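The next block holds one structure in the form of structure tokens; read it before the comments.
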Amino acid sequence: MLSRAWIAGLLLAASIVGPTTARESDNVEAVEPGGPGVLTKCRNWLVASSCNTYQHISLPPRIAVGDTIPVSFGSHPKEFRFFVARIALRGDKCAIFSEAHGDRHQMDKINVAPCRRAEAGR
């Protein structure tokens, strides 16, 4: 009985500490993309939302939180300015988000692979 309580407590502690730490540790201030990105543009309609992806997005050699990136996409090129609110880095892949918080699957973002953490001050 004592071992069950100990295991339950351990699982509870891991669920509270684990995901938060993992989520916070993958945010970085700047990255160096190793190639073009994949843009995901999302729109929220009154009763539904939809997202479209666009390949081969040209990116600058260094991207930092707070930057505004000029982006051109689509078969009839559309241009807009993408504000970088957050960058998440996992392994050699990164996601550059236009919003600092929210559902990462329902917001504008640029996925890049390969991608690496940029050195500070460059």
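What follows is calculated from the coordinates using simple rules that are stated; it is not laboratory data. Computed from a predicted structure; not experimentally measured. Here Cβ is always computed from backbone atoms with ideal geometry, including for glycine, and neighbour counts include all displayed protein chains.
Excluding same-chain residues fewer than 8 positions from Lys78, which aspartates and glutamates have a Cα within less than 20 Å of its Cα?
Asp67, Asp108
Karplus couplings for segment 72-88 from phi (6.51 cos²θ - 1.76 cosθ + 1.60, θ = phi - 60°), rounded to Hz, Gly and Pro as x?
10, 8, x, 6, 10, x, 10, 10, 7, 9, 9, 7, 8, 9, 7, 10, 10
Using modelled backbone amide H atoms (1.01 Å from N, in-plane), which distant-in-sequence or interchain residues come within less than 5 Å of Phe83's amide H?
Placed amide hydrogens put Ile69 under 5 Å from Phe83.
State, to one decimal in nm, how far the label point of Glu29 lies from the label point of Arg43, with both points 7 Å from Cα in the Cβ direction.
It is 3.8 nm.
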